[in-house]
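Take a look at the structure set out below.
The values are calculated or read from the model by the stated rules, or taken from the named source; none is laboratory data. If you're wondering where the values come from, they're calculated on a predicted model, not measured in any experiment. Cβ: placed from backbone, ideal geometry, glycine included. Neighbour counts: every protein chain shown.
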Amino acid sequence: MMSKKVLTNFQGTQYLSSTAIIKKFLSLENFYNAWEKVAGKRGCAGIDEETLEDFSRDLRGNLSRLRDAVANCIYQPLPCKQVLIPKKKGNWRELRIPTVRDRIIQHALLNVLAPGVDCKFSRASFGYRPNLSYINAVEQVAQWRDLGYYWVLDADITQFFDNIQHERLLREVRKHIDYPGILCLIKAWISVGVMTKNGLVRAEKGVPQGAVISPLMANIYLDEFDKIIMASDIKLVRYADDFLVLAKTKEQIIHAYSIVQFTLNSMGLILNLEKTQITHFSRGFRFLGHGFVEDNIFPLESSNTENISPSFKSNRARKKTFNNPSGKKISPPFPSQY
């Protein structure tokens, strides 16, 4: 029988064994903690139309019954609710919203699974991680620039969340927790589908944007990509599916482009060639809402630069920080064939 003791990884971070995770996951205290996180976000109802207020009327009873349903393997998630958010040029971004009950269970699992998984992720990954933010990613780009990594592959993955392969994702999750009940839960959440105005659409691939568990699944899915790219003499800064690869020479960045394409293709993912470019700090690019030009970094969403951290600027030259209130993407310096 697997030990229930707390294990310690090579970084000195403590995490729980599989059986300890199950015990903690199914504790009523954990379900209360999960409820507090769901209630704190004030999200909308799912397809069952049960609101947070509805669930809270018999909070203890509902949480106990929900926990028992999971423990007795009779819990079945419901399809997600489709919410369409307008984007520029008449396009739409789809969010898939689980029910309140599904969100509580997902948070309960996230509470116990994430700490032991997150500590194993690459240092190149900054999105959806505790004590890290997009600001840390921007600072890391500046640090690589100051070490001579001037050539940049500014990359975009085509519909990343929609193209995550279920079988491969579950195989990657199994590396962290090989427990059938947990794997079945995750499989149910990612394949349950979405209720649209035209009826139920089952999901054969992809994870629902809007689900509590999806950010962790995204990082698990791309962790192997991080480690493959970082194994060579190039640098990676990734925030979810938005990433930069940095190199010291033009030859290295062109070679990196090939590695990135091959690796993503092997994972069932495709680079968006229209939004992917090879560039250089002298010509500029944008990343995570910031513009990068030579030794300057500036926020694109605002003309106010007073709050820019001094660490963003080069240690070699303290030049004036430029403003770009329009937020338009800086033109790529090289033809698309690069």
### Message
For segment 261-294, give me each residue that is assigned to a helix (DSSP H, G or I) and farther than 26 Å from residue 132 by Cα.
### Response
261, 262, 265, 266
### Query
Since residue 175 meets every condition but one in (1) out of contact with any Pro (no Cβ under 7 Å at 6 or more places or on another chain); (2) surrounded by fewer than 19 Cβ atoms within 10 Å (Cβ to Cβ); (3) within 23 Å of residue 299 (Cα to Cα), which condition does it not meet?
(3)
### Task
Mind listing whichever residues of segment 113-130 are of a type outside the set (Gly, Ala, Ser) and at negative phi?
113, 115, 117, 118, 119, 120, 121, 123, 126, 129, 130
#### Entry: Residue check for residue 284: on the phi > 0 side of the Ramachandran plot, surrounded by 16 or more Cβ atoms within 10 Å (Cβ to Cβ), modelled with pLDDT of 95 or more and within 27 Å of the chain's Cα centre (by Cα)
yes
### Query
Quick one: would you say residue 73 is over 30 Å from residue 198 (Cβ atoms) and in a loop (DSSP other than H, G, I, E, B)?
yes
#### Entry: Residue list for segment 197-217, restricted to those being in contact (Cβ under 8 Å) with a residue 60 or more places away in the chain, surrounded by fewer than 16 Cβ atoms within 10 Å (Cβ to Cβ) and under 28 Å from residue 67 (Cβ atoms)
200
### Options 194, 173: the member that is in contact (Cβ under 8 Å) with a residue 12 or more places away in the chain and touching a strand residue (DSSP E or B) at 6+ places or on another chain (Cβ under 7 Å)
194
### Query
Taking segment 76-122, which residues are in contact (Cβ under 8 Å) with a residue 24 or more places away in the chain, part of a loop (DSSP other than H, G, I, E, B) and over 19 Å from residue 200 (Cβ atoms)?
119, 120, 121, 122
### Message
Can you tell me which residue is modelled with the lowest pLDDT among those in segment 93-120 that are surrounded by fewer than 18 Cβ atoms within 10 Å (Cβ to Cβ) and either hydrophobic (A, V, I, L, M, F, W, C) or under 18 Å from residue 191 (Cβ atoms) (or both)?
### Response
94
